[in-house]
Amino acid sequence: MPEKPEKIVEIEEHIKDIQEISIAIDSWDDVFSDFDPSPIDHRILSEDFLSELKKRYRETQRGEFVITIYAPAVLKDEVTERLVNKRLKQYFKFRHLALQKEIALAIRKGSLFVVGGIAFLSSLTMLTYFQMLDKLTLELLAIILMPLGWFGIWEGFSRIIEPAPLLKQDLELFAKLSKAAFKFKYAGSQEEAAVAPVVKQEPKHEVKSAGGAAQEIRSESKHESKEEKETK
């Protein structure tokens, strides 16, 4: 068999890496917070909606995301779709940038811990080496400064190397969601179409029955007129 071109192989591998997340909603309030009265393009996302996305992300972390939102046909509106799509991407990008700043702040705090720990230990070493204080005072300071120094160094390095694992998970999540593609699919329109002809056919049935009654009345009146002529 002939080998596939490299571009086709790359496209097939890219398609395999795409993960679809399907979420069904009854109204746009399922996506956005009920407590935020702002317009759709400024509303905060619902915590239930975010928790569901996080749950699906933990199940399929690999590859890119395509998020399909299933909604009733009553909600179908192109303008609203564009606003929702824009707001979702905007919100996820904002959360991603906010988490980046939060992680950078945690690293800076870790650096301060390290500097503080080194300062405590260095101070204790200098005081002991040059014997600036008496022996009893140095021992009392060592009881305080030595644990503080080592705690600052270890705690600081732990924050720099592994800054808040939960924040890193959320950072990866919102990074992918900000680049995800959103699709909208609507259900319920076929059922409404099936019910509509039945409703339209009922008046026609009533018109036919009224016409039949009129014909029966006319035939009865003709029969009576014939009987009157015969009696005369």
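For the condition surrounded by 13 or more Cβ atoms within 10 Å (Cβ to Cβ), under 43 Å from the mean Cα position of the chain (by Cα), modelled with pLDDT of 90 or more and over 30 Å from Leu83 (Cβ atoms), what is the one hit in Ile118, Ile160, Ile107?
On the way: Ile118 fails: under 43 Å from the mean Cα position of the chain (by Cα); Ile160 fails: modelled with pLDDT of 90 or more.
Checking each option against the conditions leaves just Ile107.
Is there any pair linking a residue in the stretch 104-115 that is more than 12 Å from Gly149 (Cα to Cα) to one that is of a type in the set (D, E, K, R), with Cβ under 7 Å and at least six apart or on different chains, and which?
Pairs found: Ala106/Arg159; Ile107/Arg159; Lys109/Arg159; Gly110/Arg159.
Taking the criterion of being within 30 Å of Lys183 (Cβ to Cβ) and crowded, with 17+ Cβ neighbours inside 10 Å, would at least one residue in the stretch 138-152 satisfy it? Before you say what the answer is, go through the steps one by one.
The initial filter retains those residues of the stretch 138-152 that are within 30 Å of Lys183 (Cβ to Cβ), namely none.
No, there is no match, as no residue in the stretch 138-152 is within 30 Å of Lys183 (Cβ to Cβ) and crowded, with 17+ Cβ neighbours inside 10 Å.
Go through Thr68, Thr80, Thr128 for me and flag whichever is within 30 Å of Phe184 (Cα to Cα), free of Cβ contacts under 8 Å to residues at least 60 places away in the same chain and among the β-branched types (Val, Ile, Thr).
Values: Thr68 fails: free of Cβ contacts under 8 Å to residues at least 60 places away in the same chain; Thr128 fails: within 30 Å of Phe184 (Cα to Cα).
None of the other options fit; the residue is Thr80.
Yes/no matrix, rows are residues, columns are (1) over 30 Å from Lys55 (Cα atoms); (2) at pLDDT 90 or above; (3) among the hydroxyl-bearing types (Ser, Thr, Tyr); (4) part of a helix (DSSP H, G or I):
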{"position": "Ser123", "(1), (2), (3), (4)": "yes, yes, yes, yes"}
{"position": "Gly152", "(1), (2), (3), (4)": "yes, yes, no, yes"}
{"position": "Ala194", "(1), (2), (3), (4)": "yes, no, no, yes"}
{"position": "Val198", "(1), (2), (3), (4)": "yes, no, no, yes"}
{"position": "Lys204", "(1), (2), (3), (4)": "yes, no, no, yes"}
{"position": "Lys208", "(1), (2), (3), (4)": "yes, no, no, yes"}
{"position": "Gly212", "(1), (2), (3), (4)": "yes, no, no, yes"}
{"position": "Ser219", "(1), (2), (3), (4)": "yes, no, yes, yes"}
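Exactly one condition in (1) modelled with pLDDT of 90 or more; (2) within 23 Å of Ala180 (Cα to Cα); (3) charged (D, E, K, R) is not met by Arg62; state its number.
Unmet for Arg62, out of (1) modelled with pLDDT of 90 or more; (2) within 23 Å of Ala180 (Cα to Cα); (3) charged (D, E, K, R): (1).
Conditions first: (1) farther than 30 Å from Glu162 by Cα; (2) under 16 Å from the mean Cα position of the chain (by Cα). Asp77 passes all but one, so which condition is the exception?
If we test Asp77 against (1) farther than 30 Å from Glu162 by Cα; (2) under 16 Å from the mean Cα position of the chain (by Cα), just (2) comes out false.
Out of the stretch 1-57, which residues are closer than 14 Å to Thr68 by Cα, β-branched (Val, Ile, Thr) and either modelled with pLDDT of 75 or more or under 10 Å from the mean Cα position of the chain (by Cα) (or both)?
Hits for the stretch 1-57 are Ile21, Ile23, Ile25, Val31.
Of a type in the set (D, E, K, R), within 30 Å of Ala180 (Cβ to Cβ) and modelled with pLDDT under 95: does that describe Lys135?
Numbers: of a type in the set (D, E, K, R): yes; within 30 Å of Ala180 (Cβ to Cβ): no; modelled with pLDDT under 95: yes.
No; evaluated as a whole, the condition is false for this residue.
The values are calculated or read from the model by the stated rules, or taken from the named source; none is laboratory data. Small disclaimer: the values here were computed from a predicted structure and weren't measured. Note that we place each Cβ from the backbone using ideal geometry, even for glycine, and neighbour counts take in every protein chain shown.
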